[in-house]
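**Q** Pasting a structure below so you can have a look.
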């Protein structure tokens with residue numbers, strides 16, 4: 001390994017060290033409650049070193065949220081491609097993958113929700129154009145994946161054909177997101193009524209499936 005290669009590897013390791021520290025703090029306390037000084041302390045680096053790699057806290061955030069959306073996209077894509085059967089089954093697999101992601105990676109999910117909340121004025125963030133563009137690209141790809149499943153379902157008869165496929169795909173995404181983004185009050189309400197959350201989600205997905213199922217659907 002040459003000196004140049006070793007230095008490049010060390011820079012990348014230092015960069016990942018900073019990202020890991022920021023992730024831990026953002027996930028634990030929330031973006032707004034964390035300072036660059038806290039990130040430096042968590043990473044055991046000087047504040048100047050942090051700013052050498054990242055212009056500000058927003059730059060760090062955009063790097064982390066991009067990692068989150070990439071992972072999210074990969075998880076649902078894998079679930080769909082591994083699913084055998086008609087398109088309606090793939091749609092259910094997509095929904096389950098989204099719910100699993102929100103449970104297994106709540107930190108990334110919270111960062112993605114913050115991005116989508118309008119918290120950042122993206123048109124004024126020219127410094128982060130690459131990250132923002134790539135984030136939107138992954139988000140659009142997931143929307144297209146849902147649309148493709150619906151269109152395939154209309155063709156194979158497993159999904160109803162009396163609603164525009166794009167509109168139906170958007171409706172399904174909205175319904176699935178409502179489960180992924182459930183509020184603490186909703187969770188508390190379930191516990192107070194002694195309702196099993198997993199069973200409720202299963203019933204909800206079955207309901208979605210029954211709503212979008214076509215007349216020529218295949219029982220699986």
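The values are calculated or read from the model by the stated rules, or taken from the named source; none is laboratory data. Keep in mind it's a predicted model, so treat the numbers as computed, not measured. Neighbour counts run over all protein chains shown; Cβ positions are idealised from the backbone, glycine included.
**Q** Answer yes if at least one residue in region 101-117 is farther than 21 Å from residue 143 by Cα and either part of a loop (DSSP other than H, G, I, E, B) or not assigned by TED's automatic domain parsing to the domain that holds residue 139 (or both), and no otherwise.
**A** No, region 101-117 has no match at all.
**Q** Then there's this: Any residue that is surrounded by 11 or more Cβ atoms within 10 Å (Cβ to Cβ), part of a strand (DSSP E or B), modelled with pLDDT of 85 or more and in contact with a strand residue (DSSP E or B) (Cβ under 8 Å, 6 or more places away or on another chain) - is there at least one of those in region 160-170?
**A** No, region 160-170 contains no residue that is surrounded by 11 or more Cβ atoms within 10 Å (Cβ to Cβ), part of a strand (DSSP E or B), modelled with pLDDT of 85 or more and in contact with a strand residue (DSSP E or B) (Cβ under 8 Å, 6 or more places away or on another chain).
**Q** If you go through region 53-68 one residue at a time, do you hit one that is closer than 30 Å to residue 159 by Cα and in the same structural domain as residue 205 (by TED's automatic domain parsing)?
**A** no
**Q** Further question: Quick one: which residue in 50, 69, 39 is surrounded by 16 or more Cβ atoms within 10 Å (Cβ to Cβ) and within 20 Å of residue 104 (Cα to Cα)? Give the steps one after another, and end with the answer.
**A** Details: 50 fails: within 20 Å of residue 104 (Cα to Cα); 39 fails: within 20 Å of residue 104 (Cα to Cα).
That would be 69, the only listed residue that is surrounded by 16 or more Cβ atoms within 10 Å (Cβ to Cβ) and within 20 Å of residue 104 (Cα to Cα).
**Q** Within region 75-98, is even one residue part of a loop (DSSP other than H, G, I, E, B) and out of contact with any helix residue (DSSP H, G or I) (no Cβ under 8 Å at 6 or more places or on another chain)? Walk me through how you get there before you give the answer.
**A** Of all residues in region 75-98, those part of a loop (DSSP other than H, G, I, E, B) come to 83-86.
Now drop any that are not out of contact with any helix residue (DSSP H, G or I) (no Cβ under 8 Å at 6 or more places or on another chain), which leaves 84-85.
Taking every residue of region 75-98 in turn, at least one turns out to be part of a loop (DSSP other than H, G, I, E, B) and out of contact with any helix residue (DSSP H, G or I) (no Cβ under 8 Å at 6 or more places or on another chain).
**Q** Would you check if residue 127 is assigned by TED's automatic domain parsing to the domain that holds residue 76 and at pLDDT 85 or above? Lay out the reasoning, then the answer.
**A** Details: assigned by TED's automatic domain parsing to the domain that holds residue 76: yes; at pLDDT 85 or above: no.
In short, no.
**Q** A further question on this structure: Taking the condition in contact (Cβ under 8 Å) with a residue 60 or more places away in the chain, surrounded by 15 or more Cβ atoms within 10 Å (Cβ to Cβ) and over 30 Å from residue 198 (Cα atoms), does residue 22 pass? Working first, answer last.
**A** Details: in contact (Cβ under 8 Å) with a residue 60 or more places away in the chain: no; surrounded by 15 or more Cβ atoms within 10 Å (Cβ to Cβ): yes; over 30 Å from residue 198 (Cα atoms): yes.
So residue 22 fails the test.
**Q** Please work out which one of (1) in contact with a strand residue (DSSP E or B) (Cβ under 7 Å, 6 or more places away or on another chain); (2) modelled with pLDDT of 95 or more is the condition residue 87 fails and give its number.
**A** Against the list (1) in contact with a strand residue (DSSP E or B) (Cβ under 7 Å, 6 or more places away or on another chain); (2) modelled with pLDDT of 95 or more, residue 87 comes up short only on (2).
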